[in-house]
Amino acid sequence: MKARTFLFLLTASSLSAGELPQLTAKPYLGQYVGLDTRDFRFVVKRGGEALITPSKKGGDFINDRYSIKLVPLIEEVLPDGKVVGKFVPETGWEAVTPAAENPKKVTYRGTSSGGATFEVNIEIDGGKIAAGGRLLEKGSLKNPRFVIRAQVPNVYQYDRDEKKRLEKSKKDRIDLVRADGKKLKLDVNTPLDAEGKETNGTGIVEARVEMAGYGGHKIELVAGTSGVFEFWNRGEGALYEGFTLGWRHDPAKDPEGKGRLSVQLK
């Protein structure tokens, strides 16, 4: 049984009015932030989530429906251990830095239901994306925490021929390093309930994703010193169908929110 509950609680009275500003020229028309590198396109949407879209061999980028998403939000941990996601609607955002192409640093804020506010900081240095933030105000919530969910979708969604999909993905793998130093190698085609202690331990500090659907790129995620990832998928499905690495910021270690998770494509 999953302890995580996905609720979209959008109480308008608790939200600061506004949405992130947008760029007005292609290829980032309608986005808050945009930049291209050799390995990926990176945008922050007006709804606060960031998309990392890997490049194809020979140029251009894969379809953005397969982008890796970085979703900042508030989670509230209930007394029974269940986790409730407090998402922010598009009108609950406030830009600190203006809309920009090719920025080095981006800062914006969000307000969730219950009046909890948080700050998001993203820094781009060459082919490396660093993201973090912190809870600013609890509002009426009892036990909120700031998180960034790195969501990897099903990159084989439209591969209808199962035999061909298995052949394509036979070298795919996900390698994890737990906070206790234990290393795990996960097969993407084997059904797994990834949320348990056997996978997560006390948290994940590093993850490496290799999937043919990402054009040969290796995706490396590192939690940094002020947070850990929690790894989960939906039910007991195969990992190729999608999974999440939820980065939990530790305010005791990092009260000023200077810590960062990092994502790098190679």
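The values are calculated or read from the model by the stated rules, or taken from the named source; none is laboratory data. All of these numbers come straight from a predicted model, not from anything done at the bench. No Cβ is skipped: glycine too gets one built from the backbone with ideal geometry, and neighbour counts run over all protein chains shown. These accessible areas exclude ligands, DNA and RNA; they are computed on the full protein's heavy atoms, side chains included. Shrake-Rupley method; radii C 1.70, N 1.55, O 1.52, S 1.80 Å.
Surface analysis of the range 138-198 yields an accessible area of 63 Å² per residue, using protein heavy atoms and a 1.4 Å probe.
A Stokes-Einstein calculation at 4 °C with viscosity 1.567 mPa s, built on the Kirkwood radius of the range 11-120 over Cα pairs, returns a diffusion coefficient of 86 µm²/s.
Grab the Cα-Cα distance for residue 253 and residue 57, subtract it from 0.36 nm times how many residues apart they are, and report the gain in nm with one decimal. Let's see the in-between values first.
Working: separation 196, 0.36 × 196 = 70.56 nm, distance 4.09 nm.
So the chain would gain 66.5 nm between residue 253 and residue 57.
For the chain, the equivalent ellipsoid derived from the Cα gyration tensor has semi-axes of 28, 24, 17 Å, listed largest first. Charge tally for residue 179 (other residues, Cβ to Cβ under 13 Å; Lys, Arg +1; Asp, Glu -1): +2.
Working value for the range 182-266: equivalent-ellipsoid semi-axes of 24, 17, 10 Å, each the square root of 5 times a Cα gyration tensor eigenvalue, largest first. Computed over the range 43-174, the alpha-carbon pair-distance distribution with 5 angstrom bins reads 2, 9, 16, 18, 16, 12, 10, 9, 5, 2, 0, each value a whole percent. Figure legend: label point modelled 7 angstrom from the Cα of residue 162 along Cα→Cβ; residues of the range 184-202 with amide N under 17 Å from it are 188-192. The charge dipole of the range 136-266, taken about its Cα centre with unit charges on the Cβ of Lys, Arg, Asp and Glu (plus for the first two, minus for the last two), comes to roughly 220 debye.
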